[in-house]
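The values are calculated or read from the model by the stated rules, or taken from the named source; none is laboratory data. Quantities reported herein were computed from a predicted structural model and do not represent experimental measurements. Cβ placement follows ideal geometry from the backbone for every residue including glycine, while neighbour counts extend to all protein chains displayed. To get the accessible areas, we keep the full protein, side chains included, count just its heavy atoms, and leave off ligands, DNA and RNA. Shrake-Rupley method; radii C 1.70, N 1.55, O 1.52, S 1.80 Å.
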Amino acid sequence: MSIRVLVADDQEIVRTGLVMILDAQPDIEVVAEAADGLRAVELARRLRPDVCLFDIRMPGLDGIGATLALAGPTVGDPLAVVVITTFDLDEYVHAALRAGARGFLLKDAGPALLAQAVRAAAHGEALIAPSVTTRLLRAFAGTAPAGARRQPVDPLTEREEQVLLTVARGRTNQEIAGELHIGLSTVKTHLASLMGKLGARNRVEVAMWAYETDRVRSGPHT
């Protein structure tokens, strides 16, 4: 079945371009469009798309507010949201991740990366623009309050620590499997265990925890 996507951007020409790119994918279908955040939230709650693609700067309710309404900490059944913007600003990314976004892309990312981010979000993974991943997670960790640096309910195993580091470096499940020489189902099992132990709802929160707790100390990875 196709991945059902809602696209929200206040610029019609940009929105049309995003829709054309996504609809050209054999496994993706745009089911609704919105020109502002309030309409996007309304449509998302009614249609329950697999992925919401939100611009940050929108009238009425911006993309961060719309993300918080649909995927925030108090939402019982959160939707998958990917935030896309022209502006490579740390505060935007921090706000998007805190609001529950599963991905963050710049509008110059290109069709292939856009489709990849939508597929990742639909399958419970996350994709943040490679140009900003490490820098932004490090910056987020530096601004996180001490109370946010929670400890796991049970100690992490050695393999879970290894998986944690690969997630923090932006690896997909397939890449983790290849890097650690384990099966894809094993990767998913370890990820599920990590989320349970850390109280994380998705792999973005797992990655942020790795940076918050200084698990990642080496230089930037690609």
Could you please state, rounded to a whole Å, how far the C-alpha centre of region 151-222 is from the C-alpha centre of region 1-67?
-> 29
Inter-probe distance in nm under a simple model that places probes 7 Å from Cα toward Cβ, at Thr86 and Val31 | 3.1
Highest average packing first - 22-28, 185-191, 98-104, 164-170, Cβ atoms within 10 Å | 98-104, 164-170, 185-191, 22-28
On the accessible surface of the chain, probed at 1.4 Å with all protein chains in place, carbon and sulfur together account for a percent value of 54
Across region 164-173, in residue order, what do the Karplus-derived ³J(HN,Hα) couplings come to in whole Hz, using 6.51 cos²θ - 1.76 cosθ + 1.60 with θ = phi - 60° and x for Gly and Pro?
-> 4, 5, 5, 5, 4, 8, x, 6, 7, 4
In order through region 205-213: 3J(HN,Hα) via Karplus (6.51 cos²θ - 1.76 cosθ + 1.60), integer Hz, x for Gly, Pro | 5, 4, 5, 4, 5, 4, 6, 4, 9
Enumerate the amide H contacts of Asp62 below 5 Å, restricted to partners 5 or more residues apart or on another chain; note that Pro and chain-start residues carry no placed amide H.
-> none
Sorted peptide list for 1-8, 49-56, 203-210, criterion being average Cβ within 10 angstrom, highest first | 49-56, 203-210, 1-8
Tell me, what is the per residue accessible area of region 1-105 in Å², probe radius 1.4 Å?
-> 44
What's the Cα-based Rg to Rh of region 170-216, Rh via Kirkwood?
-> 0.97
Relative to the compact globular guide of 2.2 N^0.38 Å, what is the alpha carbon radius of gyration of the chain, as a ratio?
-> 0.98
Largest-first principal axis extents, alpha carbons of region 1-83, Å | 34, 28, 18
Name the residues whose placed amide hydrogens come within less than 5 Å of the amide hydrogen of Ile28, ignoring near sequence neighbours (fewer than 5 apart) on the same chain.
-> Ile3
